[in-house]
């Protein structure tokens with residue numbers, strides 16, 4: 001991302017003014033006494049159920065050491081953001097952000113909480129390029145304006161931060177996944193557990209992303225960033241949460257990224273995914289009997305494809321809102337009736353009845369009826385935490401460990417299922 005430097009003095013009634021305009025003091029005397037300083041602004045993001053958003057800004061400066069804590073309010077700073085698509089140069093959005101709270105997080109650092117959530121504009125870190133079906137990580141330029149001064153605990157006037165330098169985007173959950181690429185060049189991110197139980201090693205959960213999270217290598221675009229599979233939804237992140245890690249007794253989470261979309265070349269991608277699994281298994285202490293494959297949409301298809309191609313590898317398969325291809329075998333993706341009937345890997349399918357992207361009757365229900373012993377969770381719609389999401393987004397339920405069967409949650413079922 002770009003690192004912009006934004007310089008601002010205090011704003012009064014929409015006009016640029018010095019601190020003296022706020023304090024009613026002569027300009028010369030206040031200018032001589034006030035304390036200007038450069039400040040680092042770090043955007044902090046969180047992957048919500050609807051995708052990643054910048055939820056707060058951390059502002060740090062040594063000058064803040066001298067500020068009176070009670071002089072900080074949500075109206076002290078104004079925030080504006082410009083988001084640009086790095087491939088097209090298109091401005092995705094250009095607007096102010098609402099500051100909902102301001103607090104001291106360290107002696108020299110304050111945090112501005114920003115309005116965020118489902119339906120809130122201006123917070124997203126990704127733009128979906130509809131013509132290509134891909135999510136692109138945006139360049140975010142934040143402009144910070146100090147609207148009101150902070151009082152100084154020392155003599156010499158107010159504290160005014162005149163210059164703001166933007167740091168890198170931080171998302172603690174996403175940043176916990178390390179960047180890697182296989183010998184063949186397939187990008188992947190890997191979460192390593194803080195602790196492991198079991199003498200045979202840790203479980204491995206393989207998350208296969210949806211179509212929007214692949215690379216874009218066409219029409220002159222060279223975009224393969226190893227970012228979107230973690231930022232677009234909580235699919236992989238759910239398995240790295242403390243709750244999931246406790247259930248699995250420590251698990252590695254592997255999130256490969258297709259160069260395009262899994263459905264475009266399932267036969268070609270299957271060995272590349274297997275290569276990533278084998279590389280991780282060689283580098284880490286993995287229990288070979290506890291390798292699980294989970295995928296949504298495009299990745300739901302690919303999870304079934306992996307089980308069909310490599311049934312000896314996986315302890316369980318969780319296809320979410322999957323596609324299995326037209327029954328006549330046409331198209332670039334297809335799981336045949338014979339392949340479905342031959343599957344012996346424990347399978348738990350998840351979908352929503354109002355999915356209008358991949359019809360659940362033609363895909364999820366069809367597969368469930370042909371995979372012997374499979375479990376299916378078919379929801380009426382996708383509703384979580386009071387928000388109603390598109391019907392295709394049933395991955396939200398798996399990321400929140402919501403599906404249950406015979407008294408066990410889907411994570412608990414996976415954790416005890418072995419090959």
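The values are calculated or read from the model by the stated rules, or taken from the named source; none is laboratory data. Predicted, not measured: the structure shown is a model, and the values here were computed from it. Note that we place each Cβ from the backbone using ideal geometry, even for glycine, and neighbour counts take in every protein chain shown.
For the reader, a short list of remarks on this structure follows.
- Matching residues, the stretch 381-392, being over 19 Å from residue 116 (Cα atoms) and either surrounded by fewer than 20 Cβ atoms within 10 Å (Cβ to Cβ) or touching a residue at least 40 places away in the same chain (Cβ under 8 Å) (or both): 381, 392
- Highlighted here are the strands (runs of 3 or more DSSP E) found entirely within the stretch 112-201 that include at least 2 residues which are surrounded by fewer than 20 Cβ atoms within 10 Å (Cβ to Cβ): 126-129, 139-146, 159-166, 177-181.
- Taking the stretch 324-347 as the range and being in contact with a helix residue (DSSP H, G or I) (Cβ under 6 Å, 6 or more places away or on another chain), within 19 Å of residue 314 (Cβ to Cβ) and surrounded by fewer than 20 Cβ atoms within 10 Å (Cβ to Cβ) as the test, the residues that pass are 339, 341.
- Within the stretch 67-107, being in contact with a helix residue (DSSP H, G or I) (Cβ under 7 Å, 6 or more places away or on another chain) and at pLDDT below 95 holds for one residue alone: 107.
- Boolean, residue 6 is surrounded by fewer than 20 Cβ atoms within 10 Å (Cβ to Cβ), in a strand (DSSP E or B) and modelled with pLDDT under 95: yes
- The stretch 55-65, residues that are surrounded by fewer than 17 Cβ atoms within 10 Å (Cβ to Cβ) and touching a strand residue (DSSP E or B) at 6+ places or on another chain (Cβ under 9 Å): 62
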